[in-house]
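In what follows, a single structure is set out as structure tokens and then discussed.
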Amino acid sequence: MIEPDLRAAADLTKALALNGPDAALQLYRDWAATYDSTFAAGMEYNLPAHVARAFLAAKGEGPVLDVGAGTGLLAQSLRDMGLTDPIDGLDFSTEMLARAAEKNLYRRLIHADVTKPLPVRRHYNGITSSGTFTSGHVGPAAFGPMLDIALPNALFSLSVNQRVWTNMGFDTALKTLEQSNHIHDLQRIEVQVYGTAAQAIDPDHANDRAWIVLFRAT
Ligand SMILES: C[S@@+](CC[C@H](N)C(=O)[O-])C[C@H]1O[C@@H](n2cnc3c(N)ncnc32)[C@H](O)[C@@H]1O
């Protein structure tokens, strides 16, 4: 029998307890090399595939900006599901972007903090993100910068971990954006973040669920 690699549980626990950008940058600097093999493969991390599937089912098109691109798992899912349009990846960890670069999935990699004004022009038809809106990570402060670089009617497909849906204010932020007519066609789909292999590695997070939030920019 193959023993589960328990490093993934320790890394994930640290990630969900991050208390600011400096801690996040340090964690991802150390995690980048093993993120795909211990965490994503070991835990059967299905979230990038769920986000990609929802984006394509809602007729999403490129150019796409993948926010918190990490090592490129969401772009890989979009390619595997048939998207041939350009995908740019944005992340504030140079080490995670370096792993993504090795895979030749992205047209361009952008080193930036999504909670600040973004160094790109408004030309995206699609904005995707998996795993970045979660505990210790990014809150609704990213909605303004993302909407600023989205074309009218651009499709957003973003995962939000249910642990932070209310306590980080995603519910009220999205309702406000909808009521003020900044976004439309808001819907959400409930998904399981990990597969059954996660039970043996990290029972505290194995049953985590997320919302895939879909909406269009106005
Ligand atoms: C859990 S990983 C998800 C990576 C990838 N999307 C996936 O699903 O595997 C979260 C990513 O968000 C990035 N990140 C966290 N805060 C950020 C911020 N404020 N601006 C840009 N990227 C950020 C981290 O560097 C990390 O690569």
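The values are calculated or read from the model by the stated rules, or taken from the named source; none is laboratory data. Fair warning: this is a prediction, and the values are worked out from it, not measured in the lab. Don't worry about glycine lacking a Cβ; one is built from the backbone with ideal geometry, like all the others, and counts go over all protein chains shown. For accessibility, only protein heavy atoms count, side chains too; no ligands or nucleic acids. Shrake-Rupley method; radii C 1.70, N 1.55, O 1.52, S 1.80 Å.
Things to note:
- Only protein heavy atoms count here; on that basis, with a 1.4 Å probe, Arg163 has an accessible area of about 110 Å².
- Beta bridges per DSSP, both residues in region 82-169: antiparallel share near 0 percent.
- What a 1.4 Å probe finds exposed on region 146-200 is 49% carbon and sulfur by accessible area, rounded to a whole percent.
- Region 152-188 and region 58-132 have Cα centres lying 19 Å from one another.
- Under Stokes-Einstein, with the Kirkwood radius over Cα pairs as Rh, the value for region 7-217 at 10 °C and 1.306 mPa s is 94 µm²/s.
- As a size descriptor, the averaged projected area of the C-alpha convex hull of region 1-116 was calculated at 8.0 nm².
- Antiparallel %, DSSP beta bridges [both residues in the chain], to 5: 50 percent
- Between Arg121 and Arg209, the FRET efficiency from the beta-carbon distance, with R0 = 35 Å, is close to 0.45.
- Length-normalised contact order for region 133-173 - Cα pairs under 8 Å, 6+ apart - percent: 60 percent
- Helix-only mean residue ellipticity at 222 nm for the chain, each DSSP H run of n ≥ 4 adding -39500 (n - 2.57), per residue, nearest 500: -8500 deg cm²/dmol
- Taking every protein chain into account, the accessible area of the chain amounts to 45 square angstrom per residue (probe 1.4 Å).
- The convex hull defined by the C-alpha atoms of region 108-207 has an orientation-averaged projected area of 7.6 nm².
- Set of aspartates and glutamates near Lys116 by C-alpha distance (under 13 Å), chain-local residues within fewer than 8 positions excluded: Asp91, Asp148
- Near Ala142: Cβ cut-off under 14 Å, other residues only, Lys/Arg at +1 and Asp/Glu at -1. The net charge is -3.
- Most to least packed among 123-135, 184-196, 26-38, 145-157 [average Cβ atoms within 10 Å]: 123-135, 145-157, 26-38, 184-196
- Charged side chains reduced to their Cβ positions (Lys and Arg at +1, Asp and Glu at -1) give region 7-217 a dipole of some 360 debye around its Cα centre.
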